[in-house]
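The values are calculated or read from the model by the stated rules, or taken from the named source; none is laboratory data. All values reported here derive from a predicted model rather than from experimental measurement. Here Cβ is always computed from backbone atoms with ideal geometry, including for glycine, and neighbour counts include all displayed protein chains.
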Amino acid sequence: MKKLIIILSLISQSMFAQNVNYDEAKIPPYTLPDILTGVDGKKITTIKQWEANRPALLQLFAENVYGVTPNISAKHHYKILETKNDALNGKAIRKQVLITFDEYPQLSGINILLYIPKNVTRPPVFVGLNFEGNHSIGIDPYVLLTQNWMVDFQKNPERVNNNRALEASRGKAIVESWPAEMIIDKGFAMATAYYGDIEPDHPEGWKSGLRSAIGMTDDQKWSAMGAWAWQLSRMLDYLETDADLNSKKAIVIGHSRLGKAAFWAAAQDQRFAAFISNESGEGGAALKRRWYGETHEIINDKFPHWFSGKYKTYSNNIASLPFDQHQLFGLIAPRPVYVTSAEGDQWADPNGQFLSLKNAEPVFALYGKKGLGTDTHPALNQPAGSYIRYHYRTGKHDMNAYDWEQYLKFAKEVVNK
Ligand code: GTR
């Protein structure tokens with residue numbers, strides 16, 4: 001019996017291995033849709049033509065991947081739950097703001113944690129979601145502990161028990177993600193919220209999240225990714241009302257699945273001034289047509305709630321998708337973009353992320369914006385480009401201090417120049 005189990009598991013492992021490729025030489029040839037051909041088939045040569053094409057292209061992404069964002073009421077109230085001007089060793093103002101929605105009382109609301117440097121007038125702000133609650137990003141004892149359902153990422157019942165965070169998870173986020181003091185020291189503000197505030201991250205999560213709160217009965221029409229992107233836009237609504245920071249310079253940022261949500265938020269909501277994709281991979285920065293690392297089949301199988309039902313119909317047939325992710329970068333133009341990969345994160349397809357941004361260059365060029373300055377994937381720890389930037393760093397799947405050093409430099413040189 002034991003032998004049989006071993007044989008069966010070897011067979012299934014090898015079947016799985018066939019679906020995952022890490023060999024550049026084995027990638028079948030593919031052709032990317034021309035970014036300067038409009039959805040109507042006409043050639044695009046001017047900014048005006050590109051912008052006229054924008055809504056139809058956005059709609060294609062919505063219909064086929066992320067789901068169409070419903071036109072729903074976002075009537076809300078803001079409540080300052082707590083504020084103090086001696087946070088982070090006296091350098092920052094801390095605010096905790098709760099956004100509640102009049103028409104969706106069943107949702108607990110979005111709890112934003114804001115740090116604003118005291119010595120800067122109206123600084124630009126980094127905006128993004130976090131994986132394990134605001135309290136998990138640092139040791140600040142005043143940050144409220146989230147009560148919402150949580151994925152048990154760490155498998156440590158002392159930190160997360162029964163899918164609820166415990167006090168012991170304070171400052172213990174699984175990804176480094178949000179170095180508040182480092183951000184403040186460089187003169188930037190940051191705003192973050194727990195992604196589970198709007199919808200729990202599991203296939204049935206929509207039943208207790210935004211999608212069912214708005215009366216949706218078909219979870220395949222919209223997506224969790226769409227709901228989290230919506231959350232980011234609602235955070236920006238609040239930031240626009242906060243006179244202590246400059247919401248016109250809001251840089252939306254996200255790691256991994258939260259990078260996919262940030263990407264979709266940035267494409268739809270042009271109020272975001274810049275976008276940073278930290279290892280967002282499949283469904284994020286990576287080209288879909290490249291067979292390397294995670295594929296659309298694997299992601300749809302493992303996370304059926306992340307994308308819309310239609311995306312699942314492209315199994316074994318990704319070449320028939322009428323676009324690829326380079327065109328989503330086109331939808332961010334002319335706003336600055338930074339894309340990153342890590343050596344220890346081949347799953348996210350580093351070269352596929354690079355090529356995706358690279359192939360968006362013609363749209364940036366329409367606006368007179370320079371490209372990455374290289375046609376080939378840069379070496380480790382050598383950022384390429386300026387207005388649009390890319391780096392490939394040593395280390396694992398994470399958003400770490402090296403990444404932030406580069407982001408803060410980018411924000412200073414390009415977004416807040
Ligand atoms: C993985 C998933 C990736 C990425 C990652 C994460 O399991 O396959 O696409 O999103 O999770 O969010 O950390």
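Remarks
- For the stretch 327-354, the set of residues classified as out of contact with any Phe, Trp or Tyr (no Cβ under 9 Å at 6 or more places or on another chain) and crowded, with 24+ Cβ neighbours inside 10 Å consists of 348 only.
- The set of residues from the stretch 291-318 being under 12 Å from residue 65 (Cα atoms) and of a type in the set (Ser, Thr, Tyr) comprises 308, 311, 313, 314.
- The requirement of being within 16 Å of the ligand (Cβ to nearest atom) and surrounded by fewer than 23 Cβ atoms within 10 Å (Cβ to Cβ) is satisfied by residue 203.
- Total residues in the stretch 153-208, condition in a loop (DSSP other than H, G, I, E, B) and of a type in the set (S, T, N, Q): 5
- Qualifying residue in the stretch 370-383 (condition: hydroxyl-bearing (Ser, Thr, Tyr), buried (at least 20 other Cβ atoms within 10 Å of the Cβ), away from the ligand (no atom under 16 Å from the Cβ) and not in a strand (DSSP E or B)): no
- Residue match in the stretch 71-83 (condition: among the polar types (S, T, N, Q) and on the phi > 0 side of the Ramachandran plot): no
- Checked against the criterion of being small (Gly, Ala, Ser), within 11 Å of the ligand (Cβ to nearest atom) and at pLDDT 95 or above, the candidates 247, 280 yield just one match: 280.
- Beta carbons closer than 7 Å, at least 6 apart along the sequence or on distinct chains, pair a first residue in the stretch 247-267 that is among the aromatic types (Phe, Trp, Tyr) with a second that is more than 16 Å from the ligand (Cβ to nearest atom) for 263/275.
A quick yes/no check of all residues on (1) on the phi > 0 side of the Ramachandran plot; (2) more than 16 Å from the ligand (Cβ to nearest atom); (3) modelled with pLDDT of 95 or more; (4) in a helix (DSSP H, G or I):
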{"residue": "226", "(1), (2), (3), (4)": "no, no, yes, yes"}
{"residue": "229", "(1), (2), (3), (4)": "no, no, yes, yes"}
{"residue": "232", "(1), (2), (3), (4)": "no, no, yes, yes"}
{"residue": "235", "(1), (2), (3), (4)": "no, yes, yes, yes"}
{"residue": "259", "(1), (2), (3), (4)": "no, no, yes, yes"}
{"residue": "275", "(1), (2), (3), (4)": "no, yes, yes, no"}
{"residue": "284", "(1), (2), (3), (4)": "no, no, yes, no"}
{"residue": "289", "(1), (2), (3), (4)": "no, yes, yes, no"}
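- For the criterion of being within 14 Å of the ligand (Cβ to nearest atom), free of Cβ contacts under 8 Å to residues at least 12 places away in the same chain and charged (D, E, K, R), residue 301 passes.
- Close Cβ contacts (under 7 Å, 6 or more residues apart or on different chains) running from residues in the stretch 20-32 that are farther than 25 Å from residue 327 by Cβ to residues that are outside any loop (DSSP other than H, G, I, E, B) and not charged (D, E, K, R) comprise 22/346.
- Scanning the stretch 360-417 for residues that are of a type in the set (S, T, N, Q) and without any contact (Cβ under 8 Å) to a residue 40 or more places away in the chain returns 374, 376, 381, 382, 386.
- Condition check for residue 350: in contact (Cβ under 8 Å) with a residue 24 or more places away in the chain and closer than 17 Å to residue 255 by Cα: yes
- Members of the stretch 242-257 found to be outside any strand (DSSP E or B) and either touching a strand residue (DSSP E or B) at 6+ places or on another chain (Cβ under 6 Å) or within 20 Å of residue 228 (Cβ to Cβ) (or both), listed by number: 244, 245, 247, 256, 257
- Being outside any loop (DSSP other than H, G, I, E, B), in contact with a strand residue (DSSP E or B) (Cβ under 7 Å, 6 or more places away or on another chain) and at pLDDT below 95 is a condition met by at least one residue of the stretch 58-76.
- The set of residues in the stretch 312-332 being more than 18 Å from the chain's Cα centre (by Cα) and either within 15 Å of the ligand (Cβ to nearest atom) or at pLDDT below 95 (or both) consists of 315, 316, 317.
- Per this entry, residue 266 is not counted among residues that are under 26 Å from residue 53 (Cα atoms) and within 16 Å of the ligand (Cβ to nearest atom).
- Scanning the stretch 265-289 for residues being closer than 23 Å to residue 75 by Cβ and of a type outside the set (S, T, N, Q) gives a total of 4.
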